[in-house]
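The values are calculated or read from the model by the stated rules, or taken from the named source; none is laboratory data. Nothing here was measured: the structure is a model prediction, and the numbers come from that model. Cβ placement follows ideal geometry from the backbone for every residue including glycine, while neighbour counts extend to all protein chains displayed.
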Ligand code: GLA
């Protein structure tokens, strides 16, 4: 079946709309930097946006749908063929020095060395692997010269990493002649970029790459997985989402073992233990990979007198899992197997198991099941018949509940995020929550249109501007760290004559 072609443009207006004029300078600067470094202009440009997740946090890797939108901040990539290696430069050379990798697609990404070039390398490997899996002949491997520039603040929870991986993949598919309509649909590209990004050492889900590839101007998306599908969710009139960076830097890859990957392991253990306690045979329980996979088992057990209700998974968690921590020994006894046997071949999980022996299963599972239910509830409010005010109030409540769950059950908030959320709520936000992986990065607040200016002013003066005085932010990047966000378009290929 033919897929949707990647959107391909020869002008900036059709990608960026009214923002095109402001963006043009970035493309010109990238082209010049490329020429100065490699003696030729890029053959092709690609761009992919960051995202803000409106609701549905830490549930994509458990199989549940999420509700993000692409934002205007993006990564742009210019590529030309040349040399024998992969040479990657950044327009901001003072911040990100040149990196050189071999052009061998089978090399491993050195997760011990965290650097932004790893994300390009992950995309490079992903493109070749996908081509091989589809039985396509391997293209000639020549060297590539790559220049990158991005405006998505790093470590901010706005998916700067997915923006690099997706922009790079789009450019690379073009360079190697892979056809988006035949060889891989946009959904498939988002799936392989999500897999590829895991080379960098984070066992993340597929939300960031899906919305970076499939985002659309003016519309948020309910993204479902396996396979990736995106459904339009029109946001209510009169509502604006404001993003504010707490500036607590949360680098997912560097902190993965103690944060993100630990949560992924905890969810897997929660699913397996819950399956065992629901009466599954031990072998079958150990094979359960996500909390979503348990739904039929829960439904079977809770049918009859208790009835199978939407709240059944949560009821099972409260009834069968105890609060607090489970020791490794306790989990091993329930599952009748060493923990390591559940995670064979998973290097990220091995690091987690080597570092941690106690796991919170009740709270993590309770977050996942309750957050998973908030996503369709959010969509239903948007598509429903209430007045704009009623819709905004209902969405705000769902966002606040999500924040409380992330903070108390999933423990992925932090003091700076809580502070920005509290400030937002005290100054007109109808709802406010962390967005992305958390432990730092950005908040997203739902604000009525007429209150946006005042809201931005207060948060800027009381939270963001003092960070300039502390030297943690500059006047030039201020507007990338607090802004009212409209849903923006997804990844694109640009054939530009600059
Ligand atoms: C990161 C991951 C996503 C998702 C979020 C949390 O952004 O890359 O896959 O899990 O965290 O919702």
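Exactly one of these conditions fails for residue 464: (1) free of Cβ contacts under 8 Å to residues at least 60 places away in the same chain; (2) in contact with a helix residue (DSSP H, G or I) (Cβ under 7 Å, 6 or more places away or on another chain). Give me its number.
Among (1) free of Cβ contacts under 8 Å to residues at least 60 places away in the same chain; (2) in contact with a helix residue (DSSP H, G or I) (Cβ under 7 Å, 6 or more places away or on another chain), residue 464 violates only (1).
Within the stretch 460-467, is there a residue that is in contact with a strand residue (DSSP E or B) (Cβ under 9 Å, 6 or more places away or on another chain) and either within 29 Å of residue 379 (Cα to Cα) or within 16 Å of the ligand (Cβ to nearest atom) (or both)?
no
From the list 131, 123, which one is within 16 Å of the ligand (Cβ to nearest atom), surrounded by 18 or more Cβ atoms within 10 Å (Cβ to Cβ), part of a helix (DSSP H, G or I) and in contact (Cβ under 8 Å) with a residue 24 or more places away in the chain? Full working, then the answer.
Numbers: 131 fails: within 16 Å of the ligand (Cβ to nearest atom).
Unique residue meeting the criteria: 123.
State yes or no: is residue 163 within 30 Å of residue 82 (Cα to Cα), within 12 Å of the ligand (Cβ to nearest atom), at pLDDT 95 or above and in contact with a strand residue (DSSP E or B) (Cβ under 8 Å, 6 or more places away or on another chain)? Step through it out loud before you land on a result.
Values: within 30 Å of residue 82 (Cα to Cα): yes; within 12 Å of the ligand (Cβ to nearest atom): yes; at pLDDT 95 or above: yes; in contact with a strand residue (DSSP E or B) (Cβ under 8 Å, 6 or more places away or on another chain): yes.
Yes, satisfied.
Taking the stretch 405-451 on its own, how many of its residues are part of a loop (DSSP other than H, G, I, E, B) and within 16 Å of the ligand (Cβ to nearest atom)?
Residues in the stretch 405-451 being part of a loop (DSSP other than H, G, I, E, B) and within 16 Å of the ligand (Cβ to nearest atom): 13 in total.
Go through the stretch 39-83 and report how many residues are assigned to a loop (DSSP other than H, G, I, E, B), in contact with a strand residue (DSSP E or B) (Cβ under 8 Å, 6 or more places away or on another chain) and within 16 Å of the ligand (Cβ to nearest atom).
Number satisfying all stated conditions: 4.
As an exercise: evaluate residue 299 against (1) loosely packed, with under 13 Cβ neighbours inside 10 Å; (2) at pLDDT below 95; (3) closer than 20 Å to residue 62 by Cα and give the number of the one condition it does not meet.
Here residue 299 clears every test but (1).
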